[in-house]
Amino acid sequence: MAAGLILIGMGPGGVNGMTRSAIEAAKNADYRRYEAYTALWSQESLEGLENEIGEIQKVMRPEVEEPVELLELAKQSSVALLIVGDPLQATTHVDLQLQALEAGVTCSVIHGISITGLVTGAIGLSNYRFGRQTTLTYPYGGWVATSPLEVIAMNRYQGLHTLALLDLDPTGEGVGGQVPMQPKDAANAMTMMSEKLSDSIQEMPDDSVLDKMRIEACKQICQGIDDLMVVLCSDMGTPEQNITYCKLGDLSSAKMGRLHSLVIPANPGDVEQTALSRWGKK
């Protein structure tokens, strides 16, 4: 293969979820790197992929955000950067594209199945009714960000569903030691956000119509946060896939998997509600 950087989408998990062109490009590359901080495959799946395409070296946030070594290697050799899901769902990888362009390195893309496209249809909600996406982060050092809950609140106020990805890194440093957030962690984080947001509502500016909308949206979501209905999506696109529709307060007892995301519906339509009812806790 010609020298250059190839961003390859791995899909949600397992060799069977990758396209033939993705597997062939990775197999034929001189070097293979696996970006392991925005999302993860299981170790078993990674080993299966290595058996198919050859040795893979893991890289973390510093090597991708400051890709000096990666781009130098790609000037003389073909380098495959394997990325879980689709390569361009994270701005990190778009920035990498731009840095490659600036460095005079050819950068091509092979797309893969992304969680953002997979989840909506799988659970039965209309793709057209999703608002801004967000990520539930770990409380770093006891500090919790309320912005994810504010995104969910504003979406719900406007009748829009929300896809919330769950954090992988308790440290926030992106250098290793990931611990994918579990359902009980997500419930705890949202409860902490609600408590903090409730205390700060009085301090929010109310100078514009948008300000007033935000205040009302936040008040609504903070009232009875434990009764908020959510859809827990576990290990989507893999044989272990599991979907649970329940109250936020019941997440702690929900079936755990390896990687999770949450969907927070907003006033589902009749067809949507029937579709969601399939996933009620048995």
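Shape analysis of segment 116-277 places it in the oblate category; the axes a ≥ b ≥ c from the Cα gyration tensor give an a/c of at least 1.5, with a/b not above b/c. Charge dipole of the chain (Cα centre as origin; +1 on each Lys and Arg Cβ, -1 on each Asp and Glu Cβ, all else neutral): 860 debye, rounded to the nearest 20. Listed by chain and number, the aspartates and glutamates whose C-alpha is less than 17 Å from the C-alpha of LYS255, apart from same-chain residues fewer than 8 away, are ASP185, ASP235, GLU240.
Calculated [222 nm] ellipticity per residue, helices only, for the chain: -11000 deg cm²/dmol; basis is -39500 (n - 2.57) per DSSP H run with n ≥ 4, divided by all residues, nearest 500. Consider a paramagnetic label point 7 Å from the Cα of SER252 along Cα→Cβ; state which residues of segment 186-200 have an amide N under 17 Å from it. Within reach of a label on SER252: 186-195.
Values quoted throughout were computed directly from the atomic coordinates according to the rules given, and no laboratory measurement underlies them. As the structure is a prediction and not an experimental result, all values here were calculated from the model. Every residue, glycine among them, receives a Cβ derived from its backbone with ideal geometry; neighbour counts consider all protein chains shown.
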